[in-house]
1. Report yes if residue 124 is surrounded by 14 or more Cβ atoms within 10 Å (Cβ to Cβ) and not in a helix (DSSP H, G or I), otherwise no.
2. For residue 311, indicate whether it is at pLDDT 70 or above, part of a helix (DSSP H, G or I), exposed (fewer than 12 other Cβ atoms within 10 Å of the Cβ) and within 19 Å of the chain's Cα centre (by Cα).
3. Determine, yes or no, whether residue 222 is in contact with a helix residue (DSSP H, G or I) (Cβ under 9 Å, 6 or more places away or on another chain), free of Cβ contacts under 8 Å to residues at least 24 places away in the same chain and under 18 Å from residue 53 (Cβ atoms).
4. Residues that are touching a strand residue (DSSP E or B) at 6+ places or on another chain (Cβ under 7 Å), modelled with pLDDT under 90 and at positive phi: list the helices (runs of 4 or more DSSP H) wholly contained in the range 1-50 that include at least 1 such residues.
């Protein structure tokens, strides 16, 4: 009994139970929801959000927020898409299909670094800076593309193949990439000195410098990593959907990512959060997104449902924190 009590005090266990109960409820109403084909659909809905959520998680744990992550995705995807479209004209030869991957990551990393510089070196609030760069980077996407879409015929077939299949049980490579990023994020946060410093800064940013932590270095790092992962999500967006549109690529992505992170138990006050919880939060959002069409709920209601889920997650987080504080006080008494 004590083992079960300890297990269900963990936020991750609660999210896992929510996923199971939600899937069972939808499965009762629509039995086709509990099929392997539907599971594949759910998994294909999650990779981009999962990759972005890993970067956003690190930023929020460090007591910041990155609202520009969707626009960063858009710029990175557009730069890579334009390389594929005009490579022969600009360079005089066709570039290898994989060239867009490091290019997109580097573009995203530079945009993320710019956020970090404005926030840390100029002591500006992250929410204000990234709200501004959200619009700035979105406008940059229109400028560099001349407001023209990168159509499907310009995206290399090898790149599109990453979202279609793989030799491993036919599971698309994009899913393995997403879970691979989650594993690397876990290793970084839990088993490296810099990763532990991210938590230390979020827990107590005033005391962190007194412990010898270079707050500027760590802050620049988490924003750069967030941008780099948004860039990776950008090139995989082109792989997943086969086009890049300057007006809607990455639009609303920041909302989905923040929703997944908050649902996964990452505290908006910083210093608290796990990779496992974030992964489960992403999977819950994937289940919700996959269930809406089956239940006949219009896609326009998705944002409202996400908002409701965020509020519920915040209420649960507050309740868990209060119970934890009360338990600690009782133990000391």
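The values are calculated or read from the model by the stated rules, or taken from the named source; none is laboratory data. Quick caveat, the model's predicted, so the values are computed rather than measured. FYI the Cβ positions are ideal-geometry reconstructions off the backbone, even for glycines, and counts take in every protein chain you see.
1. Values: surrounded by 14 or more Cβ atoms within 10 Å (Cβ to Cβ): yes; not in a helix (DSSP H, G or I): yes.
Answer is yes for this residue.
2. Numbers: at pLDDT 70 or above: yes; part of a helix (DSSP H, G or I): yes; exposed (fewer than 12 other Cβ atoms within 10 Å of the Cβ): yes; within 19 Å of the chain's Cα centre (by Cα): yes.
When the stated conditions are applied, residue 311 passes them.
3. Details: in contact with a helix residue (DSSP H, G or I) (Cβ under 9 Å, 6 or more places away or on another chain): yes; free of Cβ contacts under 8 Å to residues at least 24 places away in the same chain: no; under 18 Å from residue 53 (Cβ atoms): yes.
Spelling it out, it is not the case that residue 222 is in contact with a helix residue (DSSP H, G or I) (Cβ under 9 Å, 6 or more places away or on another chain), free of Cβ contacts under 8 Å to residues at least 24 places away in the same chain and under 18 Å from residue 53 (Cβ atoms).
4. On the way: elements: 2-8, 11-29, 36-45.
Filter on the range 1-50 gives an empty set.
Results for (1) within 17 Å of residue 240 (Cα to Cα); (2) at pLDDT 95 or above; (3) buried (at least 18 other Cβ atoms within 10 Å of the Cβ), shown as yes or no for each residue.
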| site | (1), (2), (3) |
| --- | --- |
| 71 | no, yes, yes |
| 77 | yes, yes, yes |
| 89 | no, no, no |
| 95 | no, no, no |
| 107 | no, yes, yes |
| 154 | yes, no, yes |
